[in-house]
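*Asks:* First the structure, which I've put down as structure tokens, then a few questions once you've had a look.
We did not get these values from a lab; they are worked out from the coordinates using the rules stated. These numbers were taken from a predicted model, which means no experiment stands behind them. Cβ atoms come from the backbone with ideal geometry, glycine included; neighbour counts cover every protein chain shown.
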Amino acid sequence: MASALIALGLRKGDRLLVQVEKCEAVLTLYLACLRAGVVFLPVNPGYTVAETAHFLTDAEPALALVEAERVAALAAMGARSMALGAFLAQAADSSANFADPDPAPDDLAAILYTSGTTGRSKGVMLSRENLASNAEALLGLWRFSEDDVLLHALPVFHTHGLFVATNCALYAGASMIFQRSFAPDAVLAALPQATVMMGVPTFYTRLLADARLMPDLCRGMRLFISGSAPLSPATHAAWRDRTGHAILERYGMTETNMITSNPYDGDRRAGTVGMPLPGVEVRVIGPDGAVLPPGEAGAIEVRGPNVFGGYWMMPEKTAEEFRDGWFVTGDLGAFDAEGYLSILGRSKDLVITGGLNVYPAEVEAALDDVPGIAASAVIGVPHPDFGEAVVACVIASPGAVLEEAGVRAALRDRLAAFKVPKRVLVMPEFPRNAMGKVQKAELRRVHAGLFG
Ligand code: AMP
């Protein structure tokens, strides 16, 4: 494949856009790009042609590999595009003798576009060193070996499925059970052959909802990992009760690869994302720019070989997101006395009500403990008196009937009055992105008029 890319005229630093359904060839293409010095640019196949136009104009890929039915539409937008099948046929006929461009650690390996729902999606530039350093750190921490079998049901256009999962397995020489998407039937059937699973929290909640999830299915498993969105302590506890396994929660983002992880040995604390990875520095900063001590909440900043080089063609935006060489994640959090980090939400999701800060994660944790609540999302909604009011969006457990007054009363014992939601909205589901992340901006938009 690397030979075919070079024969097609792609050179070091050129971008290869790949927008196809999940298949093994995506991983081989990623490796071929590393080999050829070409920048791998995967795009969610669920994006429409119109949505894909942004990546074409922004990244100007030298070639786009797509499903056969999309070739014409991309060509009409001026992109050089080719069906994946045609490319694979050409690669099969390509010579194994070609000149390796011999890339350097600082060279770009990939551009991943952020899944941001506000503003335009930004291209995150990741170097070979960014990816390699993170894979090496995770490999040791999570004890990957060639005996492992990773159950892979994540998308491969996002950092979690593409880099965290794949790089660990490849670096270790492990095997993968590669599933096209997350389907409980297929995952439950494959669990007995697997040793490790990486998932987003919705994988775990959906498996828990299935009566077939039993300890016996997990007999060969040594590790369940969760990330990309907060895993509720209730889910952590339910998983432990049902399977005997404590899910290991870790934290990272596209721009930084993985930042922190709960320990392999030792206490995996629910509601925390553990400690910084080896070689990665994390600090929590207050409003005045001072580093905060454990127990105090502030802005999470990261520094290390894992941190990206910048946003593609956006030097000003990049400069805004760094402070003295530290990347400002946009997440809020606090360390505890033992060095475990807790994520308290995105800074743009912080609710300021009557001048007081309310961290959504704290209210969500309290809500998740109320009987009958299966999931919660706390947002700030414009309010004539308070500026913003705390509003809880909740999903009821199967069969449970939730009363707004009852939920608020249950919270009053646990939270200061200003943190108790002014309204509790029961809904069947939350708007979520491809990684299962709740789209709070969408919830805020829909409920903006709640208080007139
Ligand atoms: P993405 O770049 O799409 O991977 O999104 C990164 C963001 O996901 C982070 O900045 C966090 O807000 C969130 N995130 C990732 N892992 C966790 C976690 N374990 N707990 C809470 N939030 C998380």
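*Asks:* Using alpha carbons only, how many degrees (0 to 90, rounded to 10) separate the axis of helix 128-141 from the longest principal axis of the chain?
*Replies:* With rounding to tens, the tilt is 60 degrees.
*Asks:* Okay, moving on. Mind sorting Leu63, Leu112 by how few other Cβ atoms lie within 10 Å of their own Cβ, fewest first? Intermediate results must be reported in sequence, preceding the final value.
*Replies:* Details: Leu63 19, Leu112 24.
Going from least to most buried by this count: Leu63, Leu112.
*Asks:* Another question, then. Restricting to lysine pairs 8 or more places apart or on different chains, what number in the chain have Cα atoms under 25 Å apart?
*Replies:* The result is 18.
*Asks:* List the residues, sorted by chain then number, that are 5 or more residues from Val351 or on another chain and whose placed amide H is less than 5 Å from its amide H.
*Replies:* Excluding prolines and chain starts, which carry no amide H, the hits are Val358.
*Asks:* To continue, here is another question. Enumerate the calculated ³J(HN,Hα) couplings along the stretch 181-193 in order (Karplus 6.51 cos²θ - 1.76 cosθ + 1.60, θ = phi - 60°), each rounded to whole Hz, writing x wherever the residue is Gly or Pro.
*Replies:* Using θ = phi - 60°, the values come out as 7, 7, 10, x, 4, 5, 5, 4, 5, 8, 3, x, 8 Hz.
*Asks:* Another one. At a Förster radius of 41 Å, what calculated FRET efficiency corresponds to the Cβ-Cβ distance of Arg80 and Asp241, to the nearest 0.05?
*Replies:* Values: r = 54 Å, r/R0 = 1.32.
E between Arg80 and Asp241, to the nearest 0.05, is 0.15.
*Asks:* Label the stretch 350-446 by shape, choosing from rounded, prolate and oblate, from the square roots a ≥ b ≥ c of the eigenvalues of the Cα gyration tensor; if a/c is under 1.5 it is rounded, and otherwise prolate applies when a/b is larger than b/c, oblate when it is not.
*Replies:* Oblate.
*Asks:* Next question, about the same structure. Using a/c under 1.5 as the rounded threshold, could you call the stretch 60-219 rounded, prolate or oblate? The axes a ≥ b ≥ c are square roots of the C-alpha gyration tensor eigenvalues, and prolate needs a/b larger than b/c, oblate otherwise. It would help to have the intermediate numbers written out before the result.
*Replies:* Details: a/c = 1.73, a/b = 1.47, b/c = 1.18.
Judged from the Cα gyration tensor, the stretch 60-219 comes out prolate (a/c at least 1.5, a/b above b/c).
*Asks:* Would you work out if the stretch 23-138 is rounded, prolate or oblate? Take a ≥ b ≥ c from the square roots of the eigenvalues of the alpha-carbon gyration tensor; rounded if a/c is under 1.5, else prolate when a/b is larger than b/c, oblate otherwise. All intermediate terms of the calculation are to be shown ahead of the outcome.
*Replies:* On the way: a/c = 1.94, a/b = 1.11, b/c = 1.75.
Note, shape of the stretch 23-138 comes out oblate.
*Asks:* Right, something else. Stretch Ala209-Asp93 to full length: gain in nm at 0.36 nm per residue minus the Cα-Cα span? Walk me through the intermediate numbers first.
*Replies:* Details: separation 116, 0.36 × 116 = 41.76 nm, distance 4.77 nm.
Separation in residues times 0.36 nm, less the Cα-Cα distance, equals 37.0 nm.
*Asks:* Binned at 20 Å from 0, what are the whole-percent values of the Cα-Cα distance distribution for the chain, short to long?
*Replies:* 23, 56, 20, 1
*Asks:* Sorted by packing (mean other beta-carbon atoms within 10 Å per residue), highest first, where do 149-161, 97-109, 236-248, 268-280 land? Each step should come with its number before you reach the end.
*Replies:* Numbers: 149-161: 23.0, 97-109: 13.7, 236-248: 17.2, 268-280: 20.5.
By packing density, highest mean first, the sequence is 149-161, 268-280, 236-248, 97-109.
*Asks:* Listing Ser181, Ser228, Ser342 from the residue with the fewest other Cβ atoms within 10 Å to the one with the most, what is the order? Please list the in-between numbers first.
*Replies:* Working: Ser181 10, Ser228 27, Ser342 21.
Fewest-to-most Cβ neighbours within 10 Å comes out as Ser181, Ser342, Ser228.
*Asks:* Full extension from Phe451 to Ile352: what is 0.36 nm times the residue separation minus their Cα-Cα distance, to one decimal in nm? Spell out each step's value before the answer.
*Replies:* Values: separation 99, 0.36 × 99 = 35.64 nm, distance 1.55 nm.
Value of the extension gain: 34.1 nm.
*Asks:* Which order, highest average first, do 83-89, 37-43 follow once you tally other Cβ atoms within 10 Å for each residue and take the mean per peptide? Write down the numbers at each step before the final one.
*Replies:* On the way: 83-89: 15.9, 37-43: 25.0.
Answer by packing, highest mean first, reads 37-43, 83-89.
*Asks:* For Ile225, Ile373, Ile285, what's the fewest-to-most ordering of other Cβ within 10 Å of each Cβ?
*Replies:* Going from sparsest to densest Cβ surroundings: Ile285, Ile225, Ile373.
*Asks:* Residues of the stretch 409-439 with the amide nitrogen closer than 19 Å to a label point 7 Å from the Cα of Ala73, along Cα-to-Cβ, please.
*Replies:* Only 434 pass the distance filter.
*Asks:* Now a separate question. How big is the dipole moment of the chain about its Cα centre under a simple scheme where the beta carbon of each Lys and Arg is +1, that of each Asp and Glu is -1, and everything else is neutral? Debye, nearest 20, please. Write out the running numbers ahead of the final one.
*Replies:* Values: 38 positive and 49 negative charges, 137 e Å.
With Lys and Arg at +1 and Asp and Glu at -1, about 660 debye.
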